[in-house]
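Before any comments, here is the structure.
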Amino acid sequence: MEPEAVCLEMEKMKSNDGSFMFSIDELLKSSQIRSFVSRLKTSFNTRTDSQVIVTKCDDSTPAFTNSSNDGTDADKDEAYKDDMALQEIIDQEKVAHALNDDVQTTTHISIDLKMPRDNIPKQSLKKLQQFFTKTLDTNNDGFVNWVDFEAAIETIIPKHDAEKNARLKILRKRLEQHFQKYFWDLCAVGDANNDGQIDLDEWLDVMNDVIGGLKEKNEFPEWYEGLHKALYRANEFMDERRVSKNEFADMLVLWDIDGDSSDKAYDFITENGKKPMDYNLFSEFMKKFFLNETPNHPLNLGLDK
């Protein structure tokens, strides 16, 4: 029997539960499905506790159900052998294999990879969704792409102002460069379907890892902190040792944060003005923003309401 191609396609899911749907247009043996699942987990950096559910779309009975924490040693050994045998002929998006006598029927199989966002509690989800919409998705189309950053640049330093002022022209150019690097880095780590933009689901997966890093090391990834530094530099605050409450509020207006929420956050993080608001304290504030799980807290910037 001649080898046939098996197409692997990721479909966008509307829910925000961390699930991805893949379709394989061929009926496979359960051992072969395990091999595909193994490769998918590696390709898409899923976690060891990812739940894998495989069902035939034309039959409500599961063809194969597995959790990475379950299964006998024999099953794992079989899956390993199958994976080794197929790894040279399996590609991430276009999968080809030689059909054998056990594969007689063509059907449609869906593989649902559940990728738990264990660092994002339910009470923080709305805050992060709002942060995505207000700070990144400036045109509210559900995606973050370079158009959103161009709009943000224009809001911070309008082009017509930069054309009349040499200092603003340089500042705008640097802001473009910083935002470009951040956007490219964000796509490199988060653009799972390689469409050149980031949707909410992809961003939440990125932030789950970022928050996990904060919990372990209390540090942002260097690429991610570029967004905060770019915002500070755009307001010419990078060398400021004490940013005032009004200046802080004006800066967060760019993130569509209302003045009352900015003032409460400023008072909390500076201990009512006792601590100077410099970049280090601002960075500390952003860490606390992502780590805080208390509802209606000043650190949430009103985004959880």
Mind checking which residues of the stretch 135-188 are part of a loop (DSSP other than H, G, I, E, B), surrounded by fewer than 17 Cβ atoms within 10 Å (Cβ to Cβ) and free of Cβ contacts under 8 Å to residues at least 24 places away in the same chain?
Asn139, Asn140, Asp141, Pro158, Asn165
Can you name the number of the only condition in (1) within 17 Å of Met251 (Cα to Cα); (2) of a type in the set (A, V, I, L, M); (3) out of contact with any Leu (no Cβ under 8 Å at 6 or more places or on another chain) that Ala152 fails?
(3)
Take the conditions at pLDDT 90 or above and within 30 Å of His297 (Cβ to Cβ) and apply them to Lys173. Does it pass?
no
Apart from one, (1) more than 27 Å from the chain's Cα centre (by Cα); (2) of a type outside the set (Gly, Ala, Ser); (3) modelled with pLDDT of 95 or more all hold for Glu247; the odd one out is (3)
Answer residue from the stretch 251-273, given it is free of Cβ contacts under 8 Å to residues at least 24 places away in the same chain and closer than 22 Å to Phe132 by Cβ and is farthest from the chain's Cα centre (by Cα) among those
Gly259
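The values are calculated or read from the model by the stated rules, or taken from the named source; none is laboratory data. Given the structure is predicted, the values throughout are model-derived calculations rather than measurements. Positions of Cβ are generated from backbone atoms using ideal geometry, with glycine treated the same way; all protein chains shown enter the neighbour counts.
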